[in-house]
Amino acid sequence: MYGVCSIGPVPLGVDIEILSKKRNFKEVASRFYHKKEKEFIDSHIDNALNAFYFLWTRKESWIKLHDLSILEIQKVPVCLDNSPEGAFFSWEGNGEIPFSLSLCLPKSQSPYSIVFMKDFFPLVISLQQVIISEGRMSFRPEKG
């Protein structure tokens, strides 16, 4: 089990999900994702599960920042890029239990400084920041 703790002067939304192959992510995406988001998943054939969770954690973090219910998921903007209502930061964790983690912070509060307390991460996890450029998802290892 994973958790997130935040200390700071601004509100934020956060979501962390364990990547589960049991979830029918294509059905969920077809019901709740915007057209551009579905195209994004389809363009990552070899990494579709990661792409799904990348977007899902962003959606849930946006919902939490705006104090909404998951039942209001249709109100969430396209989560590929930052929206006028929030700035997204996303990470993937690799290890025995892979996970996706996203933060959504109010856009008006930038710039941000995000620090991971490495002592709390088990040695079996390596964090990577997810970078999106021109619709392509890539990963960059976190600097120690």
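Bear in mind these aren't lab numbers, they're just calculated from the coordinates by the rules spelled out. All figures in this text were calculated on a predicted structure; none of them were measured in a lab.
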Item checked: the stretch 11-111, relative contact order in percent, only Cα pairs under 8 angstrom and at least six apart counted -> 39
Check: If the cut-off is 19 Å between C-alpha atoms, which lysines fall inside it for LYS75, apart from same-chain ones fewer than 8 positions away?
Finding: LYS35, LYS36, LYS38, LYS59, LYS64, LYS107
